[in-house]
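What follows is a set of notes on a single structure, which appears directly below.
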Amino acid sequence: MLPWLPLPVALGIQAWFLWPGMPGPAPCLIAAALLLLPLAAHRFGRYRLFLAALMLASGAAGFLAAELRARSLAAPVLTGRWYGPVEGRVIHVDRSAGDRMRITLDELRPVARGNWPRKLRLTLQPGDAEAPPQPGQRVMLTAWLSPPEGPAEPGGFNFARHAWFDGLGAVGSARSPVLRLPDGEGGSATTVARLRMYLSAAIQARIPGEPGAFAAAMLTGDRSGMGAGAVADLRDSNLYHLVSISGVHMSLLAGFVYQALRFLFALWPALAMRLAAHKLAAAVALPVSVFYLVLSGGDVATLRAFIMVAVMLGAILADRRALSLHSVGLAALLILLLQPEGLTEPGFQMSFAATTALIAGLEALRRRGLPPVLAPVLLVVAGSALAGLASAPYAAAHFYRATPLGLLPNLLASPLMGFLVMPGGVLMALLAPFGLEAPARLMLGAGTWATLEVAAFAAGFEGMVQPVARPAAYGLPLLSLGGMILVLAGRRVRLAGFVILLLGASAFIRPDRPGLLISPDARLLGLMTPEGRALSHGRGAGFAARSWLAADGDSATPAQAAARPGFTGPPEDRRFTFGSLRGRYLRRLPEGDLCDGADLVILAFPAPAGEAGCRLIDTVEIAASGAMALSGDGQGGLLIRSARETPPKAWTQRPLRLP
């Protein structure tokens, strides 16, 4: 029963996200009442009735968990753009996707009047990259601020929602060098952040170059030292998961500590005979994992990995099987109830898909029996293949790219991580206070250097990365349901699971991409043509342009897409044909008629007062609806989908306006 419980909880969370607006008191009270159903059903003594009641109660628990989580994180969010001085305390330092240093600030002081967000994130100027401010420092700078943006197209990645659950009320970029002020008050968060940056700097001082930055990222969670080239190689070779502290790192760390302690206890037979060495080793590995969780920052991926490891170590202490589908179900249940937003994130979906497939597949291989000589090699190959195959659809759906040859670099990198990187990191931490870390430093440096070499070599293969168009919305839910039935259900219904899997896979075969896209700021249009999506302009709204092309499974650059046939006319007055409709895109008010023979006119400014003989879409309508996707209705008309959720969700309500 336990492995099935995350399913109704996930359905309850998804029901909350799909609910129109924010649920009122009535839905929440009904959900709270459903929590009592199992108690009522238990009184009747019928097992099937109890199971049905438990499933309903689990779904209600997921719905309420999402509601409570969203309400508890309520904080002011900036509305509109703002330029001026910003002062706050640095709590996090990282690097943006454009390879620029970023800082996250809290304890913001309102230099101008009005209420301020609790946290904001700023991209620094290039001059501050060499010596960025450290966590705990108070800084002042001049910056452009804006609210977290919504999706670049309907159904796309919603950064506004992600920022809400992350506590970010504004994002922006610095327009002046950072002025460091006297340090603010400390606190546990800044103390841990400072320790993280100190250890990262110590590792990079002992292991110079990209290997040291890579080692710091894997061991401390600080990725700010990694260059864009190394990051690109790791992404293209399907090894970027090694940078994010997740199940691989946590399990290797806990596994190394556990096995090392068991080996040490075995050196004293008298002690090993009197003590349960495996339990004592698990009891020590658990607090080590807790320290690693705190040091890394405790984000969703790391918390998920820690819960998995803690469940396995707890199973050892309780004389239960450490690796089982019950432990996976318990970990998923805890994460969904503690951080319901994780359900929508690729890290949660990929890690649990990979872990479930790994445990189920290796258990099936164990039952069949393996040749003793080949068993270790076969288990490594089978484990990597199962994990990669199970997580591949989720990676393709979220990142619009597939690495069909990604198994090979992972097979090469796995031994390096298990035998050099994590053992070297643990030994280096233990021996560094005594000045004896040289052998461990060599292990760690050799492991990270070799891993980066594998990534660079694999990334150079032609066809290593294949673009994938965004699948239809039903794809991942059906794949998840079909996979659960295949793994958890009996033989009689496994055929149904296989059929559901095929239906989910069909979402990738013929993705339904919009014919015309309008960016959230109305600065860019994207028209689907036989040659691919053509862009109205080669510059402007760069994030939207890259997002559209990636979701199309198109590897062209925005400049190449802008050169495709589809739009004609000068930059301020672009003409196009959309199905049977004649279209016009205006960046400034023309002297003559707005329509001028067009059926559809899109304006990058508010429409003037008065009647028009065509369908007008202006910035006022776009601001209210967010990005738009237009398609034909088959009868010469238009179907318009908007990205903004109506009624508004918590992350689309903008109560904060700075003067």
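Some points to look at:
- Pairs, first in the same structural domain as A385 (by TED's automatic domain parsing) and more than 18 Å from L330 (Cα to Cα) in region 353-375, second modelled with pLDDT of 80 or more and not in a loop (DSSP other than H, G, I, E, B), C-beta under 6 Å, six or more apart: G361/L386
- The set of residues in region 339-357 being within 17 Å of S324 (Cβ to Cβ) and surrounded by 22 or more Cβ atoms within 10 Å (Cβ to Cβ) consists of S351, F352, A353, A354, T355, T356.
- Some residue of region 43-64 being basic (K, R) and under 30 Å from P148 (Cβ atoms): no
- Here L503 fulfils each of the conditions (1) closer than 19 Å to A232 by Cα; (2) out of contact with any strand residue (DSSP E or B) (no Cβ under 6 Å at 6 or more places or on another chain) apart from (1).
This table checks each residue for (1) at pLDDT 85 or above; (2) in the same structural domain as L219 (by TED's automatic domain parsing); (3) of a type outside the set (S, T, Y); (4) part of a loop (DSSP other than H, G, I, E, B).
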| residue | (1), (2), (3), (4) |
| --- | --- |
| H249 | no, no, yes, no |
| L252 | no, no, yes, no |
| Y258 | yes, no, no, no |
| F263 | yes, no, yes, no |
| L271 | no, no, yes, no |
| K279 | yes, no, yes, no |
| A282 | yes, no, yes, no |
| A285 | yes, no, yes, no |
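- Verdict on A545 being surrounded by 22 or more Cβ atoms within 10 Å (Cβ to Cβ), touching a residue at least 12 places away in the same chain (Cβ under 8 Å), at positive phi and within 26 Å of the chain's Cα centre (by Cα): no
- Hits in region 112-131 (condition: closer than 14 Å to G169 by Cβ, within 28 Å of the chain's Cα centre (by Cα) and either part of a strand (DSSP E or B) or modelled with pLDDT under 85 (or both)): W116, L120, R121, L122
- Per the listing L386, L436, L430, L420, the residue uniquely farther than 19 Å from G463 by Cα and assigned to a loop (DSSP other than H, G, I, E, B) is L436.
- Any hit, region 196-213, residues being of a type in the set (A, V, I, L, M) and closer than 28 Å to S72 by Cα: no
The values are calculated or read from the model by the stated rules, or taken from the named source; none is laboratory data. Keep in mind it's a predicted model, so treat the numbers as computed, not measured. Note that each Cβ is placed from the backbone with ideal geometry, even for glycine, and that neighbours are counted across all protein chains shown.
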